1. Just one of the numbered conditions (1) under 19 Å from THR185 (Cβ atoms); (2) in contact with an Asp or Glu (Cβ under 7 Å, 6 or more places away or on another chain); (3) among the hydrophobic types (A, V, I, L, M, F, W, C) is not true of PHE125; which one?
2. Quick check on the stretch 138-157: of everything there that is under 19 Å from the mean Cα position of the chain (by Cα) and touching a residue at least 40 places away in the same chain (Cβ under 8 Å), which residue is surrounded by the fewest Cβ atoms within 10 Å (Cβ to Cβ)?
3. For ALA47, work out the one condition from (1) out of contact with any His (no Cβ under 8 Å at 6 or more places or on another chain); (2) of a type in the set (Gly, Ala, Ser); (3) assigned by TED's automatic domain parsing to the domain that holds SER35 it doesn't fulfil.
4. Quick one: in the stretch 65-103, which of the residues that are farther than 16 Å from ALA171 by Cα and β-branched (Val, Ile, Thr) is modelled with the highest pLDDT?
5. For the stretch 102-112, check the following and say yes or no: at least one residue is in a helix (DSSP H, G or I) and more than 29 Å from ASP31 (Cβ to Cβ).
6. Need pairs with beta-carbon distance below 9 Å; first residue of a type in the set (Ser, Thr, Tyr) and within the stretch 158-170, second surrounded by 13 or more Cβ atoms within 10 Å (Cβ to Cβ) and at pLDDT 95 or above; sequence gap 6+ or separate chains.
7. Between GLU28, GLU62, which is within 25 Å of GLY150 (Cβ to Cβ) and charged (D, E, K, R)?
8. In the stretch 1-57, what residues are within 28 Å of GLU106 (Cβ to Cβ) and of a type in the set (Ser, Thr, Tyr)?
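The values are calculated or read from the model by the stated rules, or taken from the named source; none is laboratory data. Treat the numbers as computed from the prediction; the structure is a model and nothing was measured. Here Cβ is always computed from backbone atoms with ideal geometry, including for glycine, and neighbour counts include all displayed protein chains.
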Amino acid sequence: MAATALREKQSTATRDHLLGAALELLVEHPDRPFSHEAVAKAAGVGARTVYRYFPAQCDLYEALWAQVREQSGTVFPTEEAEIVPSIGVLYRAFDQNEKLVRAVMESPAGARVRARGAEEGRTSFDKSLQEVTQGRSPVELRQVRAVFHGIHSGPFWQMLRDRGGLSGPEAIAAASWAAQALLDTLRREQKSFSSQPTGKKKKGG
C-alpha cells in the first residue's frame, strides 16, 4: 500500500514537472517550436515519458489549460455580480499565457478544450443571467447568453487585442464596459416588461 502511494506521488510529481516545462516553453520561449519532443527536452526527460502521460497534443493542451485556469482562478461566472469582474481575471490570464491561448483557439489539437469551454460557458451564463433575463423568449435567452459568452472568450479577447489594437488593460476596460452596458440595458428592459399589462408584453422570436 505504501509502495502504491509512493508510485502515485512520483507519477503526480512527474506529470506536474512536464506541465511546468511545457508552460515555461510556451510562455518564456514563444519563438520555439512546441511539441512532445520540445517539452521532453525542456523537462530533461525522454520523449517517451511525455507521450506516456500525454499521448496526443490535445491531451497536453487540455492539461495545460486546466492548470492555467486553476492557478489564475479563471472560472465562468455563476452569479450576475460575477459577470463583469470575471472579465479582468480571464483576460489577464489570457495575456499571461498568450501562446497557449492562441494555440488552443487556432489548432486542431485545441478542439477538445474549445468544446468543453463552450458547454461549460452556456451552462454558466444560463445561471448567471437567469434573473436579469426573466420574461424573455427562448430565442432571446439564447441570443443574450451567446453575446455574454462571446465576450468571455479567447476569440473576443484576440479581436480586441489584434484587430482593435488595444493593450491588455484597454481590452479589459472595453469588454467590461460592453458587458456592463448590456446588463444595464437588460435591467431597464426587464422593468419595462414588468410594468406592462400581461397581454401587451413584448413577444420574442
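1. Checking PHE125 against (1) under 19 Å from THR185 (Cβ atoms); (2) in contact with an Asp or Glu (Cβ under 7 Å, 6 or more places away or on another chain); (3) among the hydrophobic types (A, V, I, L, M, F, W, C), the one that fails is (2).
2. Restricting to residues being under 19 Å from the mean Cα position of the chain (by Cα) and touching a residue at least 40 places away in the same chain (Cβ under 8 Å), the top hit is PRO155.
3. (1)
4. Ranking the qualifying residues of the stretch 65-103, first place goes to THR78.
5. The first filter runs over the stretch 102-112 and keeps only residues in a helix (DSSP H, G or I), leaving 102-106, 108-112.
Narrowing further to those that are more than 29 Å from ASP31 (Cβ to Cβ): none.
No, the stretch 102-112 contains no residue that is in a helix (DSSP H, G or I) and more than 29 Å from ASP31 (Cβ to Cβ).
6. SER167/ARG161
7. The unique qualifying residue is GLU62.
8. Scanning the stretch 1-57 gives SER35, THR49, TYR51, TYR53.
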